[in-house]
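Comments concern the structure below.
The values are calculated or read from the model by the stated rules, or taken from the named source; none is laboratory data. Computed from a prediction, not measured in an experiment: that's the story for all the values here. Glycine also receives a Cβ, built like all others from the backbone with ideal geometry; neighbour counts cover every protein chain displayed.
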Amino acid sequence: MRDYFSIFLALLGSFLILYLLLPIALTLSLQILDLNSMIKALRDEVLLSSLLNSVVTATATMLISLLFGVPLGYLLAKKNFFGKNFVQAIVDLPIVIPHSVVGIMLLLTYSEAILDNYLGIISAMLFVSASFTINSARDGFMAIDERVEFVARTLGANKAKVFFTISLPLAMHSILTGAIMTWARAISEVGAILIVAYYPKTAQVLVMDYFNNYGLNASRPIAILLILMSFTLFLILRRVASAKS
């Protein structure tokens, strides 16, 4: 018998797939018909520098979020403490704050220290993306059977050894997934970066510059390069995460 319910679900889901795929496919198709502009873009030193800035700052943001976010995710998963709900709310809050507001808050807080420099770019990226690392790590640690950790403790392992040899490896898939989402969110950030660090230029800021100054067709090659770069790196990180699971 045909599974009509699954077919119905597939039809509903296909609407969003087509909605997401259509703009990407159309943009790529238009660029294929205009290869000269892409060749010209690949020779643009400003563009290549901005792409490098985007990758480097997004990667630095991901590494910082892992360093500080994984321990916090572990505490949120395993410990009950006063103010835990407040901490969790603070972790989730950046997801809903408008990005222009994030930029203003960061400038009010850190002022000249982050204005128009790499630290400012990373600060903006970290504020809007760290939640993904923290929450994914928390969910990964929560999924671990506590009896496994308890047995290790009864065999003489201290808390640090249990964390590094048992808890961390078991939660690694969720942590890597969070790292991927953090990187993706960081490299897509525009609003806060525009306010905090217009320079040095990142690709996501440069594409807006080209659109405002030269029009839609001039900005299209940069958009294509960002799409391809993001998709390629995202696919690589996904493959790494799958290999670790």
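Name every residue in the stretch 127-159 that is among the polar types (S, T, N, Q) and crowded, with 18+ Cβ neighbours inside 10 Å, in order of residue number.
Taking the stretch 127-159 as the starting set, the residues that turn out to be among the polar types (S, T, N, Q) are 129, 131, 133, 135-136, 154, 158.
Answer for the stretch 127-159, where residues must be among the polar types (S, T, N, Q) and crowded, with 18+ Cβ neighbours inside 10 Å: 129, 131, 133, 135, 136.
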Inset, instruction - Give the stretch 34-50 a look and list any residue that's surrounded by 13 or more Cβ atoms within 10 Å (Cβ to Cβ) and free of Cβ contacts under 8 Å to residues at least 12 places away in the same chain, or say none. - result: 44, 48
Legend entry - Elements of type helices (runs of 4 or more DSSP H) contained in the stretch 135-192, each with 2 or more residues being assigned by TED's automatic domain parsing to the domain that holds residue 205 and under 27 Å from residue 100 (Cα atoms): 172-187
Inset, instruction - Starting from the stretch 215-230, keep only residues that are outside the structural domain of residue 22 (by TED's automatic domain parsing) and closer than 23 Å to residue 181 by Cβ, then list their pairs with residues that are of a type in the set (Gly, Ala, Ser) and surrounded by 19 or more Cβ atoms within 10 Å (Cβ to Cβ) whose Cβ atoms are within a distance under 6 Å, requiring at least 6 positions of separation or different chains. - result: 226/203
Inset, instruction - Output the number of the condition that residue 129 fails; it satisfies all remaining conditions of (1) farther than 30 Å from residue 199 by Cβ; (2) touching a residue at least 60 places away in the same chain (Cβ under 8 Å). - result: (1)
Inset, instruction - Among residues belonging to the stretch 197-241 that are assigned to a helix (DSSP H, G or I) and either charged (D, E, K, R) or touching a Lys or Arg at 6+ places or on another chain (Cβ under 8 Å) (or both), point out the one that is surrounded by the most Cβ atoms within 10 Å (Cβ to Cβ). - result: 221
Inset, instruction - Tally the residues that are surrounded by 12 or more Cβ atoms within 10 Å (Cβ to Cβ), touching a residue at least 60 places away in the same chain (Cβ under 8 Å) and out of contact with any Phe, Trp or Tyr (no Cβ under 7 Å at 6 or more places or on another chain), restricting the search to the stretch 78-118. - result: 9
Inset, instruction - Could you tell me which numbered condition residue 64 fails, if it satisfies all but one of (1) exposed (fewer than 12 other Cβ atoms within 10 Å of the Cβ); (2) closer than 26 Å to residue 171 by Cα? - result: (1)
